[in-house]
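Data block below; observations after.
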Amino acid sequence: MGNPPAAGAGAAGFSAAGRLIELAEAVRADPALPRDELAALLARHGEHPADLAPEAFGEPEAAELRAAARRMALVLAETDEDRAAEALNGLLEECGTRPRLTRHDGHPWHLHVDRGDGARWGDWFLASGALALAQLFTEHGRIAWGACAAPGCGSLFLATGPGSARRYCTPACATRARVAAHRRRKREAAEPGRGTGTGISRLP
């Protein structure tokens, strides 16, 4: 890939973490996401048109990228910090990551995973994604991403804002989950023998 997005996000530069989330979520939603749509997504994140032409990025390369996106989605859904760190270390070692600072096309200096000649698209995506998440991990001191905990959602998201770790992708999902939990507690309290109702409590 010519000059992939940076691991760190910035309005003036690239965001490898943002690209990772968007691509992993797109493949989660459509496991057979067409090659052209994958190429368009990569182009939006700064990949050069020549690198995305069918002769350079064909169906075999698209299949590699889909498989890598599925692997990264598992890391993005991990909630245990130790397991997440181990998974990221494993990916960085497996892919032989060679990060370097670069600047181009009017963007400021940013960290970039060097593919090298002949490197596979899947390996590049795993390495750049793992590096992006590792940077977020160290910067925030916690898992700064996740899969939405709202029933029926599961969308992947970044949680790089201040405060404690988020569990939901949007405020709407958080509200929906709170309302569902409240209604569930009310139903349970109304059942005989449960909650603080007048029913006789069942012995364990």
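The values are calculated or read from the model by the stated rules, or taken from the named source; none is laboratory data. Just so it is clear, the model here is predicted, and its values are computed rather than measured. Here the Cβ positions follow ideal geometry from the backbone for every residue, glycine too, while neighbour counts run over all protein chains shown. Note: accessible area is taken over every heavy atom of the protein model, side chains too, but ligands, DNA and RNA are not part of it. Shrake-Rupley method; radii C 1.70, N 1.55, O 1.52, S 1.80 Å.
Within the stretch 66-75, the presence of a residue that is without any contact (Cβ under 8 Å) to a residue 12 or more places away in the chain and out of contact with any strand residue (DSSP E or B) (no Cβ under 8 Å at 6 or more places or on another chain) is excluded. Of the strands (runs of 3 or more DSSP E) entirely within the stretch 67-176, those holding at least 2 residues that are under 23 Å from PRO31 (Cβ atoms) and open to solvent by less than 20 Å² (accessible area, probe 1.4 Å) occupy 145-147, 156-158. Among residues of the stretch 16-32 that are outside any helix (DSSP H, G or I), those with a beta-carbon under 8 Å from a residue that is open to solvent by less than 30 Å² (accessible area, probe 1.4 Å) at least six positions away or on a different chain give the pairs PRO31/ARG66; ALA32/ARG66.
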